[in-house]
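The values are calculated or read from the model by the stated rules, or taken from the named source; none is laboratory data. Remember, predicted model here, so these are calculated numbers, not experimental data. Here the Cβ positions follow ideal geometry from the backbone for every residue, glycine too, while neighbour counts run over all protein chains shown. Just so you know, the surface numbers come from the protein's heavy atoms only, side chains and all, with ligands and any DNA or RNA stripped out. Shrake-Rupley method; radii C 1.70, N 1.55, O 1.52, S 1.80 Å.
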Amino acid sequence: MNGKKSKQQMVQRWEDRGGALLAAPSQLKGLPDIVTKCEMLVCDEAHMVVKNTDTKTYSYLAQLQTTRRIALTGTPLQNNLMEYFNMFEFFIGREVMGSKSEFEREFEQPICRGLTTDCSPEDEILSAQKTAALHEKLAPYVHRKDASELARDLPPMQSVVLYLRPSKMQTTFFRSHKRHQAKRHSRNFFEAFAALKPINNHPGCLLHKNCAQNRKSSGAEDDVVPDSSSLKWWQGILDKYPIETLAKAENGFKIVLLLHILVKAQQLGEKVIIFSQCLPTLNFVEQVLQSKSWGEHSQSLAELLGQQTYGG
């Protein structure tokens, strides 16, 4: 909905035909003049609506005349009881929760007193009783679903951690950086971690180092890139190897294993998400995946593929 006139036209069609009117918080400006009531209000991420009761969004939605209100949220609210109160006051009304002062006196204060590490046994018992009473009071209005609801549709997650030895080229880089640190009398772990992170994935990631530096200048947090003066330590190694050698997948066993996983996943018809906090790694992985034949990257992969061809 862009512009007051288009909003009015859309609202008019909605009132004539019925259905659902979708609006983001940023699009609510101007709606108070043309939408004052509806049969049902559904708020996604509802905890954000009640977080600040002084906002125009909260004020407008609170005044909206509705017969039903539904709050959708995936954020646990039990850690902030007053936020919980605001949620129920907004969507259910005070007839259930009472006034704010009543709720504080009846539930918030005794529950919070029993959660401190130095609370008395009596306070701890009372806190548990009040928590149970609150859950029972709100049970008719809350439909809580946990991850077990997905068990019927999703297979259980299996986590596997694989440890791979570094390649000869990676070892060369690691030793070079160790000598570099010794010359500078540096024992800064975070500097070493940042410098070696892309190499630990594959030495070819250094070919995409400029991308990471661009992210650093834009304020990105995921890629911790050392300053330009600390990048000189690996320049001598790069001078000894042509780019084609540095980019060979077999110089980093993580990439070889990744290709094996992707081939197997393709054969099983499964989808794969590749995640990395290191942007040069993602750029290098993209470069490898776009190569004409994955089998050229390692003998083991060629044997796995046989006559099949995988590549970009």
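How many residues does segment 289-312 contain that are within 30 Å of the chain's Cα centre (by Cα) and either touching a residue at least 40 places away in the same chain (Cβ under 8 Å) or exposed (fewer than 13 other Cβ atoms within 10 Å of the Cβ) (or both)?
The total comes to 2.
Could you list, in sequence order, all residues of segment 86-128 that are part of a helix (DSSP H, G or I) and open to solvent by 70 Å² or more (accessible area, probe 1.4 Å)?
Residues satisfying the conditions are 94, 95, 100, 102, 105, 106, 109, 113, 121, 122, 124, 125.
For residue 253, only one of the following conditions fails: (1) of a type outside the set (Gly, Ala, Ser); (2) at pLDDT 85 or above; (3) open to solvent by 80 Å² or more (accessible area, probe 1.4 Å). What is its number?
All conditions are met except number (3).
Condition check: closer than 22 Å to residue 42 by Cα and outside any helix (DSSP H, G or I). Does residue 152 satisfy that?
Criteria not met by residue 152.
For segment 67-80, which positions are of a type outside the set (D, E, K, R) and either at pLDDT 85 or above or open to solvent by 90 Å² or more (accessible area, probe 1.4 Å) (or both)?
Residues satisfying the conditions are 67, 70, 71, 72, 78, 79.
Keeping to segment 251-288, report how many residues are closer than 27 Å to residue 194 by Cα and touching a residue at least 12 places away in the same chain (Cβ under 8 Å).
Residues meeting the conditions: 21.
Does residue 186 qualify as being among the hydroxyl-bearing types (Ser, Thr, Tyr) and farther than 18 Å from residue 237 by Cα?
Spelling it out, residue 186 is indeed among the hydroxyl-bearing types (Ser, Thr, Tyr) and farther than 18 Å from residue 237 by Cα.
Taking the stated definitions as given, is residue 64 touching a Leu at 6+ places or on another chain (Cβ under 8 Å) and modelled with pLDDT under 85?
Taking the combined requirement at face value, the residue satisfies it.
Name every residue in segment 240-250 that is open to solvent by less than 50 Å² (accessible area, probe 1.4 Å) and in a helix (DSSP H, G or I), in order of residue number. Outline the logic, then answer.
Our first condition is that a residue be open to solvent by less than 50 Å² (accessible area, probe 1.4 Å); within segment 240-250, this holds for 245-247, 249.
245, 246, 249 - these are the residues of segment 240-250 that are open to solvent by less than 50 Å² (accessible area, probe 1.4 Å) and in a helix (DSSP H, G or I).
Cβ-Cβ distance below 9 Å, separation of 6 or more or different chains: which pairs start in segment 150-165 with a residue that is at negative phi and end on one that is open to solvent by less than 100 Å² (accessible area, probe 1.4 Å) and part of a loop (DSSP other than H, G, I, E, B)?
164/252
Picking from 266, 287, which residue would you name as being touching a Phe, Trp or Tyr at 6+ places or on another chain (Cβ under 9 Å) and outside any loop (DSSP other than H, G, I, E, B)?
266
One residue is enough: does segment 143-158 have a residue meeting the conditions in contact with a Leu (Cβ under 8 Å, 6 or more places away or on another chain), open to solvent by 70 Å² or more (accessible area, probe 1.4 Å) and more than 30 Å from residue 250 (Cβ to Cβ)?
Scanning segment 143-158, I find no residue that is in contact with a Leu (Cβ under 8 Å, 6 or more places away or on another chain), open to solvent by 70 Å² or more (accessible area, probe 1.4 Å) and more than 30 Å from residue 250 (Cβ to Cβ), so the answer is no.
Of all residues in segment 161-195, which are modelled with pLDDT of 90 or more, of a type outside the set (Ser, Thr, Tyr), surrounded by 13 or more Cβ atoms within 10 Å (Cβ to Cβ) and not in a helix (DSSP H, G or I)?
166
For residues that are open to solvent by less than 50 Å² (accessible area, probe 1.4 Å) and not in a strand (DSSP E or B), tally how many sit in segment 28-54.
Total meeting the criteria: 9.
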